[in-house]
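See structure below.
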Amino acid sequence: MYLQVEELHSFVVLADELHFGRASKRLFVSQPALSKQIRRLEEKVGGALFTRTRRKVEITEAGRVLLAGADKVLREDEAALSLAREAALGRAGTLRIGFGIASVSEILPRTILRFRKTYSQVELKMRDMSTPAQIAALVEGNIDIGIVRLPIAHTELDSLPLFHEQLVVATSGSLSYNSRQGLAALRNQPFVFFPRATSATLHDHVLGLCRRAGFLRPSFRRPANFLRS
């Protein structure tokens with residue numbers, strides 16, 4: 001046998017008014033309907049919640065015990081309903097975000113701070129993941145948002161560009177460099193940069209640029225130059 005929220009609400013209002021007429025007006029129900037709700041609740045409790053005379057209505061000890069619990073239940077019920085409404089509007093719940101090395105310093109910190117100020121009831125779960133891992137997690141539904149490197153081949157995923165990166169070659173001042181040739185001017189020079197395990201997409205992107213610039217076989221044996229983003 002379960003207590004219904006409507007019954008508890010009617011009980012709490014009557015306990016506050018101690019008058020069936022005023023309570024029924026607050027509840028927008030007839031007095032007979034209110035009396036029926038209270039009797040039904042008393043049947044569930046197994047005893048009287050109010051004593052009634054022609055002059056006054058008084059709450060019983062059982063009623064006072066129920067009142068303390070009913071107030072808490074109604075507050076929690078309202079809070080749960082309010083939170084569910086916020087979640088339906090995207091202002092509450094859990095947001096699972098994947099991110100990679102490129103997003104850490106460029107966009108993630110300031111975005112998270114702004115988001116928390118606006119949506120304080122949303123719990124953020126952050127996962128440091130490579131772009132391929134984020135793509136797989138998005139497809140499988142294990143994360144909600146991924147900050148990845150474009151392009152994305154999966155047509156079932158929506159994407160939009162957040163920022164653009166510029167690759168920079170750091171060289172020694174004594175190295176002869178023709179700016180008109182761009183990266184091709186360094187095609188005969190060895191260079192080093194981070195391993196593929198750090199970021200497979202950026203690693204492959206850099207090697208692709210090198211090949212298009214005429215690098216026959218990018219060398220990692222001598223750290224003469226350092227290519228970074």
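Please pick out the residue among E165, E86, E140 that is closer than 30 Å to C210 by Cβ and of a type in the set (D, E).
Just one listed residue meets the conditions, E165.
Which condition from (1) at pLDDT below 85; (2) within 27 Å of L207 (Cα to Cα); (3) open to solvent by 70 Å² or more (accessible area, probe 1.4 Å) is the one that P161 breaks?
(1)
For segment 128-146, does any single residue satisfy the condition of being within 21 Å of E17 (Cβ to Cβ) and either modelled with pLDDT under 85 or of a type in the set (S, T, Y) (or both)?
Of the residues in segment 128-146, the ones within 21 Å of E17 (Cβ to Cβ) are none.
Within segment 128-146 (the criterion being within 21 Å of E17 (Cβ to Cβ) and either modelled with pLDDT under 85 or of a type in the set (S, T, Y) (or both)), the answer is no, since none of the residues qualifies.
Of all residues in segment 164-192, which are of a type in the set (F, W, Y) and open to solvent by less than 60 Å² (accessible area, probe 1.4 Å)?
In the first step, residues of segment 164-192 are kept if they are of a type in the set (F, W, Y); the result is 177, 191.
Matches in segment 164-192: F191 only.
Going residue by residue through segment 124-131, is there one that turns out to be open to solvent by 90 Å² or more (accessible area, probe 1.4 Å), free of Cβ contacts under 8 Å to residues at least 60 places away in the same chain and touching a Gly at 6+ places or on another chain (Cβ under 8 Å)?
Yes, segment 124-131 contains at least one residue that is open to solvent by 90 Å² or more (accessible area, probe 1.4 Å), free of Cβ contacts under 8 Å to residues at least 60 places away in the same chain and touching a Gly at 6+ places or on another chain (Cβ under 8 Å).
The values are calculated or read from the model by the stated rules, or taken from the named source; none is laboratory data. Here the structure is a predicted model, which means the values were calculated and not measured. Quick reminder, even Gly has a Cβ in these numbers, built from the backbone with ideal geometry, and neighbours come from all protein chains shown. Ligands, DNA and RNA are stripped out before the accessible areas are found, and what is left, the full protein with its side chains, is counted by its heavy atoms. Shrake-Rupley method; radii C 1.70, N 1.55, O 1.52, S 1.80 Å.
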